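Novice: Have a look at this one.
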Amino acid sequence: MVKLSAWKSLCLGAAVTALANAPVFAPQAQALPPWCVQWAWMNCDPLYDRGTPEWQECYAFFYQDCLSQTLSKTPAGLTKTNCLGPRRAQLKAV
């Protein structure tokens, strides 16, 4: 058996403890919200403070618009370009 000095034993114990607790302190991964939610946030957050009545109205409009594009445009489902198309047109017009 290998003899370790007290200092090395202490360092080894600290390293083992840190590695054993690493998963506890690591931030947990989170899934992104659905694309229509992200799209509504992207359109409304620069214009209004989140949670205000104006922001809620804006969010409801863009979210419903995105959902309607999802259901009407492609049988395979929504792609990001379907939702981004109207926004890009708005940005170019400004």
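The values are calculated or read from the model by the stated rules, or taken from the named source; none is laboratory data. Not measured: the values here are computed from a predicted model. Ideal geometry is used to build each Cβ from the backbone, glycine not excepted, and the neighbour counts take in all protein chains shown. These accessible areas exclude ligands, DNA and RNA; they are computed on the full protein's heavy atoms, side chains included. Shrake-Rupley method; radii C 1.70, N 1.55, O 1.52, S 1.80 Å.
Novice: For the condition at pLDDT 70 or above and at positive phi, what is the one hit in G77, G51?
Specialist: Only one candidate passes the filter, namely G51.
Novice: Moving on. Can you tell me which residue is farthest from the chain's Cα centre (by Cα) among those in the range 35-73 that are part of a loop (DSSP other than H, G, I, E, B), surrounded by 13 or more Cβ atoms within 10 Å (Cβ to Cβ) and of a type in the set (D, E, K, R)?
Specialist: Going through the qualifying residues, I end up with K73.
Novice: Let me ask something else. Residue pairs, Cβ under 6 Å, 6 or more apart or interchain, first in the range 1-26 and of a type in the set (D, E, K, R) and modelled with pLDDT of 70 or more, second open to solvent by 80 Å² or more (accessible area, probe 1.4 Å) and in a helix (DSSP H, G or I). List them.
Specialist: none
Novice: Do the conditions hold for C44, that is, is it modelled with pLDDT under 85 and touching a helix residue (DSSP H, G or I) at 6+ places or on another chain (Cβ under 6 Å)?
Specialist: no
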